[in-house]
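The values are calculated or read from the model by the stated rules, or taken from the named source; none is laboratory data. Treat the numbers as computed from the prediction; the structure is a model and nothing was measured. No Cβ is skipped: glycine too gets one built from the backbone with ideal geometry, and neighbour counts run over all protein chains shown.
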Amino acid sequence: MSNRTGGDYSRSQVGTLTERLVEPRRFMQVVAGPRQVGKTTLVRQALTAWGERAHYASADEPTLRDRTWIAAQWETGRRLAREAGKAGAVLALDEVQKVPGWSETVKRLWDEDTASRLPLRVVLLGSAPLLIRHGLSESLAGRFELLFVPHWAYAEMRAAFGFTLDEYVFFGSYPGAASLVGDPERWARYIKDSLIEITVARDVLLLTRVDKPALLRQLFELGCRTSGQILSYTKMLGQLQDAGNTTTLAHYLDLLSGAGMLTGLPKYTDSAVRQRGSSPKLQVLNNALMTAQSGLSFEEAKRDTATWGRLTESAFGAHLANAAAAGECRLSYWRERSREVDFVVQVGRRVAVIEVKSGRWREAMPGLAAFIQAKPSARPFVVGADGIPLEQALTLPVKEWISV
């Protein structure tokens, strides 16, 4: 494997944001997603066309920023908008959720500009849904549009960095780490120090109340080791060193999901109450989080059939889970007694049920048959083996699983 220096970082969301910014001023644009997926790069690309009529500022040092800082940056944007006349200007505030009381200040300033008809367009960047939980839904209701930026897909890593399918399965999809895959030890240190630790310390522990930070970290490590497995909260507690309870674990799993690291897929059921009370299927949102902490090399993982099978299922699960986080679908698993199905994808009333196989299709799949018997309208698929090739499945938009 050779080092990847990277190609075009442009993503489809750049075009979406660019189009929204040239429209008449209606809503603030909120660009949200996990750390290190290119949100800042995306916004800077969209601002290129505005030239000197765009102002970008970051609140990434929370101890040095307060609401006065927001007001000062806003005044800079207002000055640019007044100088530009009807053409207007753009103000982009990065990591704005780290300023205490940010949403009330933003609401006041936005409403003042709306009343005076000042053509200042505003872009806010932050982690989702933590950003939303800290002000959007309360103070800024009706004033914003959300543009979610998920982890990079396989097709994007292949186009930008020349990743092969196997490299995507093992190294995941952080663009900033792509150039380090030729030095696996350095790559793993980067993932652990610059992504995992920073995300936990800055995006979770600083923004929310976490009474047992050691337990949250242990839960994350457990989730990375067992990605793709169904574990009850009681069984999780039995594997964790720090004392806690099932309610605390469920809350911490929600926080990790909100930071774009680890999520718990619910069991598919027609009852929302039963679904909320089900044991979660743990799923990392980027395979790099799983492999960087495993201690295994790329070659060792490839040689171990069981390990590579877990990584393959996890990579496809992350593909679906990121689509679910972006609101494209609902994602769950299904299990009744000893029968199980890997993934259930829902778009409206339409349902697709998917099994992932890394080896040859040697045995029957009673779970898939049982699900279709119970819900004949569902569309069954097998990924890998003699079904849809994994490489094709990873490039297929999630909604197409329902329409194909």
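Exactly one condition in (1) part of a helix (DSSP H, G or I); (2) in contact (Cβ under 8 Å) with a residue 60 or more places away in the chain; (3) farther than 21 Å from residue 127 by Cβ is false for residue 228; which is it?
(1)
State which residue is modelled with the lowest pLDDT when the search covers only the stretch 369-404 and only residues that are under 22 Å from residue 305 (Cβ atoms) and among the hydrophobic types (A, V, I, L, M, F, W, C).
Here the residue is 385.
For (1) surrounded by 15 or more Cβ atoms within 10 Å (Cβ to Cβ); (2) assigned by TED's automatic domain parsing to the domain that holds residue 30; (3) out of contact with any strand residue (DSSP E or B) (no Cβ under 7 Å at 6 or more places or on another chain); (4) assigned to a loop (DSSP other than H, G, I, E, B), each residue gets a yes or a no:
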position	(1), (2), (3), (4)
318	yes, no, no, no
323	yes, no, yes, no
346	yes, no, no, no
355	yes, no, no, no
367	yes, no, no, no
370	yes, no, no, no
382	yes, no, no, no
394	yes, no, yes, no
397	no, no, yes, yes
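For the stretch 203-211, state whether one or more residues are of a type outside the set (Lys, Arg), in a loop (DSSP other than H, G, I, E, B), surrounded by 21 or more Cβ atoms within 10 Å (Cβ to Cβ) and in contact (Cβ under 8 Å) with a residue 40 or more places away in the chain. If you could, list the steps in order and put the result at the bottom.
First, pick out the residues of the stretch 203-211 that are of a type outside the set (Lys, Arg): 203-208, 210-211.
With the extra rule that they be in a loop (DSSP other than H, G, I, E, B), the set shrinks to 205-208, 210-211.
Next cut, surrounded by 21 or more Cβ atoms within 10 Å (Cβ to Cβ) only: none.
Checked the stretch 203-211: no residue is of a type outside the set (Lys, Arg), in a loop (DSSP other than H, G, I, E, B), surrounded by 21 or more Cβ atoms within 10 Å (Cβ to Cβ) and in contact (Cβ under 8 Å) with a residue 40 or more places away in the chain.
Check off (1) without any contact (Cβ under 8 Å) to a residue 40 or more places away in the chain; (2) surrounded by 16 or more Cβ atoms within 10 Å (Cβ to Cβ); (3) hydroxyl-bearing (Ser, Thr, Tyr) for residue 40 and give me the number that stays unchecked.
(1)
Is it fair to say residue 229 is over 21 Å from residue 312 (Cα atoms) and assigned by TED's automatic domain parsing to the domain that holds residue 319?
So residue 229 does not fit the description; no.
Do you know which residues across the stretch 86-109 are crowded, with 20+ Cβ neighbours inside 10 Å, more than 15 Å from residue 65 (Cβ to Cβ) and not small (Gly, Ala, Ser)?
Listed by number, the residues that qualify are 90, 91, 109.
Report yes if some residue within the stretch 239-251 is modelled with pLDDT under 95, small (Gly, Ala, Ser) and assigned to a helix (DSSP H, G or I); otherwise report no. Write out each step before concluding.
Just the residues of the stretch 239-251 that are modelled with pLDDT under 95, to begin with: 239-251.
Subset that is small (Gly, Ala, Ser): 243-244, 250.
If we keep only those that are assigned to a helix (DSSP H, G or I) too, we end up with 250.
Yes, some residue in the stretch 239-251 is modelled with pLDDT under 95, small (Gly, Ala, Ser) and assigned to a helix (DSSP H, G or I).
Could you give every pair whose Cβ atoms fall below 6 Å, whose first residue belongs to the stretch 117-131 and is closer than 15 Å to residue 82 by Cα, and whose second residue is at pLDDT below 95, counting only separations of at least 6 or pairs across chains?
From residues that are closer than 15 Å to residue 82 by Cα, the pairs are 119/25; 121/25.
For the stretch 149-170, indicate whether the set of residues that are under 21 Å from the mean Cα position of the chain (by Cα), farther than 24 Å from residue 398 by Cβ and part of a helix (DSSP H, G or I) is non-empty.
Checked against the condition, which is being under 21 Å from the mean Cα position of the chain (by Cα), farther than 24 Å from residue 398 by Cβ and part of a helix (DSSP H, G or I), the stretch 149-170 yields no hits at all.
Residue-wise test of (1) touching an Asp or Glu at 6+ places or on another chain (Cβ under 7 Å); (2) within 27 Å of residue 357 (Cβ to Cβ).
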position: 148; (1), (2): no, no
position: 155; (1), (2): no, yes
position: 167; (1), (2): no, yes
position: 181; (1), (2): yes, yes
position: 185; (1), (2): no, no
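Could you list, in sequence order, the residues of the stretch 219-232 that are surrounded by fewer than 19 Cβ atoms within 10 Å (Cβ to Cβ) and more than 20 Å from residue 307 (Cβ to Cβ)?
Within the stretch 219-232, 232 is the sole residue that qualifies.
May I ask you to list the residues in the stretch 239-256 that are surrounded by fewer than 18 Cβ atoms within 10 Å (Cβ to Cβ), of a type outside the set (A, V, I, L, M) and either over 21 Å from residue 310 (Cβ atoms) or not assigned by TED's automatic domain parsing to the domain that holds residue 312 (or both)?
Listed by number, the residues that qualify are 241, 242, 245, 246, 247, 251, 254.
Run down 315, 301, 250, 288 and say which single residue is touching a Pro at 6+ places or on another chain (Cβ under 9 Å), of a type in the set (A, V, I, L, M) and closer than 29 Å to residue 189 by Cα.
Numbers: 315 fails: touching a Pro at 6+ places or on another chain (Cβ under 9 Å); 301 fails: touching a Pro at 6+ places or on another chain (Cβ under 9 Å); 288 fails: touching a Pro at 6+ places or on another chain (Cβ under 9 Å).
Going through 315, 301, 250, 288 in turn, the sole match is 250.
To keep it simple, each residue is scored yes or no on (1) touching a helix residue (DSSP H, G or I) at 6+ places or on another chain (Cβ under 8 Å); (2) among the basic types (Lys, Arg); (3) on the phi < 0 side of the Ramachandran plot; (4) assigned to a strand (DSSP E or B).
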{"site": "21", "(1), (2), (3), (4)": "yes, no, yes, no"}
{"site": "31", "(1), (2), (3), (4)": "yes, no, yes, yes"}
{"site": "35", "(1), (2), (3), (4)": "yes, yes, yes, no"}
{"site": "42", "(1), (2), (3), (4)": "yes, no, yes, no"}
{"site": "46", "(1), (2), (3), (4)": "yes, no, yes, no"}
{"site": "50", "(1), (2), (3), (4)": "yes, no, yes, no"}
{"site": "71", "(1), (2), (3), (4)": "yes, no, yes, no"}
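Which members of the stretch 73-97 meet the condition of being hydrophobic (A, V, I, L, M, F, W, C) and either more than 20 Å from residue 135 (Cα to Cα) or not assigned by TED's automatic domain parsing to the domain that holds residue 36 (or both)? Break it down stepwise before answering.
Step one: list which residues in the stretch 73-97 are hydrophobic (A, V, I, L, M, F, W, C), which gives 74, 80-81, 84, 87, 89-93, 96.
Within the stretch 73-97, 80, 81, 84, 87, 89, 90 meet the criteria.
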